[in-house]
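**Student:** Please find one structure pasted underneath; my questions will follow.
Every read-out reported here was derived from the displayed coordinates using simple, explicitly stated rules and does not represent laboratory data. Treat the numbers as computed from the prediction; the structure is a model and nothing was measured. Cβ placement follows ideal geometry from the backbone for every residue including glycine, while neighbour counts extend to all protein chains displayed.
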Amino acid sequence: MSNLLPVDQIQTMANAVAKSGLFGVKTPEQAMALHGLIREAYEDQGFEIIPVPVLPIAQRADFVISHLA
């Protein structure tokens, strides 16, 4: 599995974050920049990034549980 989300999923997330104002983000571009910074910070600390696919909540939960160590 690739450790990159498809661009359309990142843009959807960025639009939602900008609309919500989460973390003081006002635009999708700010949300995408924040996403990149957070991802980079985790990778710099040695964490493996496992993107959670866009699925119904129950399937997302199953995906997360299946990837717990």
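**Student:** Please work out which residue is farthest from Val7 (Cα to Cα), limiting yourself to region 25-48 and to residues that are touching a helix residue (DSSP H, G or I) at 6+ places or on another chain (Cβ under 6 Å) and not in a helix (DSSP H, G or I).
**Tutor:** My answer is Val25.
**Student:** Can you tell me which of Thr12, Thr27 is without any contact (Cβ under 8 Å) to a residue 40 or more places away in the chain and hydroxyl-bearing (Ser, Thr, Tyr)? Break it down stepwise before answering.
**Tutor:** Values: Thr12 fails: without any contact (Cβ under 8 Å) to a residue 40 or more places away in the chain.
The unique qualifying residue is Thr27.
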